[in-house]
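Enquirer: To start, I am sharing the structure in question, which I have written as structure tokens.
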Amino acid sequence: MQTKQTRRLAAIVLSVFMLLGVAGCGANRTGGTAPNPTAKSETIILGSYSVTKEPYEQLIIPAFQKYWKAKTGENVKFETSYVASGAQARAIVGGFEADVAALSLEGDINQIAKAGLITSDWRKNQYKGMVTNSVVVVAVKPGNPKKIKDWEDLTKPGVGVLYPNPKTSGGAMWDVNAIYGAGLKTSEVKEGKPNPAAAEQLLRQVQSNVKVMDKSGRESFTTFEKGTGDAVVTYESEALRAITDGQKYDLVYPKSTILIQNPVAIVDKNVDKHGNRQVVEAFVNFLWSQEAQTDFAKSGFRPVNTEVAKQFNQQFPNPPLLFTIDYLGGWAKVKSEIYGDNGIWNKIAAQVSNG
């Protein structure tokens, strides 16, 4: 159920959004306030995933524009795009000239690197290239009428579940990883070692109750907001955004869930083409600053900057059996064994769709 910590964090986010306003999804040009037309101007093209629009557009980009203006006297314009993480990665590989890729999962950044567009080591800093964290949670209707407390409750007859499609959404992969990994963790506690069969069964039963699989995490939550389903598996940050927007939902933190780790990388080939490396590197480094990390935290994302994380430690619940992608063997193994042509999720999805 919704915790006191959740309500406190939601209140913080709401106070920020009431001052700044909340934008919808889409592509944008952000130019800052009252730029000096005679000053030199730089442009950064940012390609990110759907649920990050609010912190970037409302908080972080304006803060960086102010910082860069004070530091150099230059104006910075942003061209931005926010779509499902997998779709964004494919767009960049296909020719969208993003200077910065801020995506949902490491595998999407790796896809861009494999295409030869990222030539530097994007994991080289102390945060290993990760700019925010989150966890997978379950948002339910006010009062939690279906009495959902953990993943097993999503398998019950008559419970309508939503999460996006892993074929298009990085967020969906995190969702599926959370369910499958929770099955492993729970069986490990009960049996002394992880039981893949039990994990697969849990995922199959949840998938049997999935009503709609949208293209992105934002679209999936919008479908839930329109009244479809009893529960939506989602990012903690996305659920908190909805609450601060005035939606009345309760949050369920499963006993076991996955720590979401979101990477950012400079797309070297595009930056070299555009000749804007200095300002792009400054922007990416700014994302780990205390100011930007605080803005992420106020928007419901868990900061990776340890000093900022300490300030928000009491406001982000930590489920007792929290695990990372490493528990599942890392992204290369997960991509193959869960999402490959003969992977666990594809097999389950085919079985469920065929009745």
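Enquirer: For D326, indicate whether it is of a type outside the set (A, V, I, L, M), assigned to a loop (DSSP other than H, G, I, E, B), closer than 21 Å to A178 by Cα and free of Cβ contacts under 8 Å to residues at least 24 places away in the same chain. Give the derivation first.
Expert: Numbers: of a type outside the set (A, V, I, L, M): yes; assigned to a loop (DSSP other than H, G, I, E, B): no; closer than 21 Å to A178 by Cα: yes; free of Cβ contacts under 8 Å to residues at least 24 places away in the same chain: yes.
No, not satisfied.
Enquirer: Something else now. Given G86, G143, which one is on the phi > 0 side of the Ramachandran plot and not hydroxyl-bearing (S, T, Y)? Break it down into steps so the answer makes sense when it comes.
Expert: Working: G86 fails: on the phi > 0 side of the Ramachandran plot.
Of the residues listed, the single one that is on the phi > 0 side of the Ramachandran plot and not hydroxyl-bearing (S, T, Y) is G143.
Enquirer: A follow-up question, please. Would you check which residues across segment 53-88 are closer than 25 Å to G300 by Cβ, modelled with pLDDT of 95 or more and β-branched (V, I, T) and list them?
Expert: Answer for segment 53-88, where residues must be closer than 25 Å to G300 by Cβ, modelled with pLDDT of 95 or more and β-branched (V, I, T): I60, I61, T80.
Enquirer: Among what's in segment 257-267 and is open to solvent by less than 20 Å² (accessible area, probe 1.4 Å) and under 15 Å from F316 (Cα atoms), pick the residue that is farthest from the chain's Cα centre (by Cα). Give the derivation first.
Expert: Here is the first cut: in segment 257-267, the ones open to solvent by less than 20 Å² (accessible area, probe 1.4 Å) are 257-258, 260, 262-265, 267.
Then drop every residue that is not under 15 Å from F316 (Cα atoms), which leaves 257-258, 260.
Values: T257: 14, I258: 12, I260: 7 Å.
So the residue we want is T257.
Enquirer: Only one of V271, V334 is over 20 Å from the mean Cα position of the chain (by Cα), aliphatic (A, V, I, L, M) and open to solvent by less than 10 Å² (accessible area, probe 1.4 Å); which?
Expert: Numbers: V334 fails: over 20 Å from the mean Cα position of the chain (by Cα).
Just a single option satisfies the conditions, and that option is V271.
Enquirer: Can you give me the number of residues within segment 17-46 that are farther than 22 Å from S289 by Cα, open to solvent by less than 40 Å² (accessible area, probe 1.4 Å) and either in contact with a strand residue (DSSP E or B) (Cβ under 8 Å, 6 or more places away or on another chain) or modelled with pLDDT of 95 or more (or both)?
Expert: The number of residues fulfilling the criteria is 2.
Enquirer: Next question. What residue, among those in segment 242-253 that are more than 11 Å from A231 (Cβ to Cβ) and not charged (D, E, K, R), is most open to solvent (accessible area, probe 1.4 Å)?
Expert: Here is the first cut: in segment 242-253, the ones more than 11 Å from A231 (Cβ to Cβ) are 242-248, 253.
Of the ones still in play, those that are also not charged (D, E, K, R) are 242-244, 246-247, 253.
Numbers: A242: 0, I243: 27, T244: 8, G246: 52, Q247: 69, Y253: 40 Å².
Among them, the one singled out is Q247.
Enquirer: Look through segment 47-83, keep the residues that are hydroxyl-bearing (S, T, Y) and open to solvent by less than 50 Å² (accessible area, probe 1.4 Å), and return whichever of them is farthest from the chain's Cα centre (by Cα). First the steps, then the outcome.
Expert: Initial filter on segment 47-83 (hydroxyl-bearing (S, T, Y)): 48-50, 52, 56, 67, 72, 80-82.
Now restrict to residues that are open to solvent by less than 50 Å² (accessible area, probe 1.4 Å): 48-50, 52, 56, 80-82.
On the way: S48: 10, Y49: 7, S50: 8, T52: 7, Y56: 13, T80: 17, S81: 15, Y82: 12 Å.
This residue is T80.
Enquirer: In this structure, is A91 open to solvent by 10 Å² or more (accessible area, probe 1.4 Å) and within 19 Å of the chain's Cα centre (by Cα)? Explain how you work it out, then say what you get.
Expert: On the way: open to solvent by 10 Å² or more (accessible area, probe 1.4 Å): yes; within 19 Å of the chain's Cα centre (by Cα): yes.
Taking the combined requirement at face value, the residue satisfies it.
Enquirer: Could you tell me whether segment 308-326 includes any residue that is open to solvent by less than 20 Å² (accessible area, probe 1.4 Å) and either closer than 19 Å to A89 by Cβ or of a type in the set (S, T, Y) (or both)?
Expert: yes
Enquirer: Additional query: Counting residues that are under 18 Å from the mean Cα position of the chain (by Cα) and surrounded by fewer than 22 Cβ atoms within 10 Å (Cβ to Cβ), which helices (runs of 4 or more DSSP H) fully inside segment 128-225 reach at least 1? Even if it seems obvious, please write down each step before you answer.
Expert: Numbers: elements: 170-191, 196-208, 217-225.
Counting at least 1 such residues, we get 217-225.
The rows are residues; the columns are (1) touching a helix residue (DSSP H, G or I) at 6+ places or on another chain (Cβ under 9 Å); (2) basic (K, R); (3) at pLDDT below 95.
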residue	(1), (2), (3)
D150	yes, no, no
D153	no, no, no
V161	yes, no, no
K167	yes, yes, yes
G170	yes, no, yes
A178	yes, no, no
A182	yes, no, no
N209	yes, no, no
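Enquirer: Any residue in segment 207-221 that is closer than 13 Å to G160 by Cβ sitting within a Cβ distance under 9 Å of a residue that is charged (D, E, K, R) and open to solvent by less than 20 Å² (accessible area, probe 1.4 Å)? List the pairs, counting only those 6 or more apart or interchain.
Expert: Taking only residues 6 or more apart or on different chains, the pairs are S220/D175; S220/E238.
Enquirer: Additional query: Considering only residues that are among the β-branched types (V, I, T) and farther than 18 Å from Y235 by Cα, which ones fall in segment 295-332? Can you show your working first?
Expert: Just the residues of segment 295-332 that are among the β-branched types (V, I, T), to begin with: 304, 306, 308, 324-325.
Of everything in segment 295-332, those that are among the β-branched types (V, I, T) and farther than 18 Å from Y235 by Cα turn out to be T306, V308.
Enquirer: For segment 337-349, name all the residues that are touching a residue at least 60 places away in the same chain (Cβ under 8 Å), open to solvent by less than 20 Å² (accessible area, probe 1.4 Å) and not in a helix (DSSP H, G or I).
Expert: Hit for segment 337-349 is I338, nothing else.
The values are calculated or read from the model by the stated rules, or taken from the named source; none is laboratory data. Everything numeric in this text was worked out from a predicted model, so none of it was measured. Positions of Cβ are backbone-derived with ideal geometry, glycine not excepted, and every protein chain shown enters the neighbour counts. Ligands, DNA and RNA are excluded from the accessible area calculation, which covers all protein heavy atoms including side chains. Shrake-Rupley method; radii C 1.70, N 1.55, O 1.52, S 1.80 Å.
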